[in-house]
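Here's the structure we're looking at; comments come further down.
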Amino acid sequence: MPRKTAIALLSAAMACTAAAGPTSSTVITESRSDSPAGPLFPGLDFVKASFSHAGGMDLDDTPGELETFTLDARSVLSGPIEVTNDLTLLPMIQYKATRLNWKDTPAGFPIEDEDVHSIALSSYVLYNQEGSPWIFAGWARAELATDFQHINDDDVTFDVIAGAAYKFSDRLTFGLGVAAINLNNDEDYMIGPVLDWKISDTFRVGVLGPDVTASYTPDENWEFSLRGYAAGDEWNIRDAAGNSTTLDLDSYRVGLFADRRLGGDLWLRVGGGVTVMNEIEIKSPSGNRAYNDDMDEGWFGEIALRLNVW
């Protein structure tokens, strides 16, 4: 998994803590907002379907350019599950389909056009004792990331994250987390922050590792935001010789977005901007590098539907 993406996931596991109430059972269920204060945590959508297109990413060391098309759908599998008065679970499912198109690459270029997929089951775990400003959170995920040409254990990865946050006030929460990523292949371990700062009733700033959101919500029907977020991913594919190979794409997106309430809790989001820190890598499942190249800055556009369920 790309390092920037892993750090983002690390902090996302703790994002629910930003709106924690007096007990864990109210962390999620009482955080639903129809006011200009915004969603549970800026930049984190529990139910969302989006389509994005990115391009203009020229390879540095080799002729050629990459463009991607991505369909991403995620949803909760149920409402928050109250295990005890202090412990709450939230199971989720996510599917992502990505098309990678290479333009003007030379003969013998090691990566072909690819259709890759990701199916993931995950769960958030929140623990908060009544009256305590401390919130403890965890996140676990099993993911199948593959081209569906041939599936084995290299296509499946497991990630586990744990962290703690302190709620200084109703407007300020800060925390840290620790992650164990890609446990059964090229594992990695790291630490990342989470911050939720409600500057006013209309301005809010959120930090989830490298993912940053600054939002302005002038009324209950509009939201405008500046967002920076990790957009890379990692898949297990079959190369021309039929060998199991890991394709690792790193990318970071910075863009402006406008959200409009269509009715009730349903929102439309449109936005776009630039892609930076782009990198492509081919390696074995154990981490041995076969090919690596940086790519120039590019552009992206996105359209999405989301539900403010909490």
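The values are calculated or read from the model by the stated rules, or taken from the named source; none is laboratory data. Since we're looking at a predicted model, the values are computed, not measured. Cβ: placed from backbone, ideal geometry, glycine included. Neighbour counts: every protein chain shown. Protein only, heavy atoms only, side chains kept; ligands, DNA and RNA dropped before computing areas. Shrake-Rupley method; radii C 1.70, N 1.55, O 1.52, S 1.80 Å.
From the list 217, 245, 202, 275, exactly one residue is within 16 Å of residue 70 (Cβ to Cβ), of a type in the set (Val, Ile, Thr) and out of contact with any helix residue (DSSP H, G or I) (no Cβ under 8 Å at 6 or more places or on another chain). Which is it? From the options 217, 245, 202, 275, the qualifying one is 275.
Inside region 58-73, residues that are open to solvent by less than 50 Å² (accessible area, probe 1.4 Å) and part of a strand (DSSP E or B) make up a count of 8.
Scanning region 284-301 for residues that are touching a residue at least 60 places away in the same chain (Cβ under 8 Å), under 24 Å from residue 229 (Cα atoms) and not aliphatic (A, V, I, L, M) gives 293, 294, 296, 297, 298, 299, 300, 301.
For region 266-274, check the following and say yes or no: at least one residue is small (Gly, Ala, Ser) and in contact with a Lys or Arg (Cβ under 7 Å, 6 or more places away or on another chain).
Yes, there is a match, as at least one residue in region 266-274 is small (Gly, Ala, Ser) and in contact with a Lys or Arg (Cβ under 7 Å, 6 or more places away or on another chain).
The residues of region 163-174 that are surrounded by 14 or more Cβ atoms within 10 Å (Cβ to Cβ) and at pLDDT below 90, listed by number, are 163, 164, 165. Could you check, for region 44-57, whether at least one of its residues is in a loop (DSSP other than H, G, I, E, B), open to solvent by 50 Å² or more (accessible area, probe 1.4 Å) and modelled with pLDDT of 50 or more? No: region 44-57 contains no residue that is in a loop (DSSP other than H, G, I, E, B), open to solvent by 50 Å² or more (accessible area, probe 1.4 Å) and modelled with pLDDT of 50 or more. Based on this model, can you work out whether residue 89 counts as part of a strand (DSSP E or B), among the hydrophobic types (A, V, I, L, M, F, W, C), more than 18 Å from residue 233 (Cβ to Cβ) and modelled with pLDDT of 90 or more? Answer is yes for this residue.
Once region 182-235 is narrowed to residues that are among the polar types (S, T, N, Q) and in contact (Cβ under 8 Å) with a residue 40 or more places away in the chain, the residue that is surrounded by the fewest Cβ atoms within 10 Å (Cβ to Cβ) is 221. Filtering 255, 242, 264 for residues that are modelled with pLDDT of 90 or more and open to solvent by 10 Å² or more (accessible area, probe 1.4 Å) leaves a single hit, 264.
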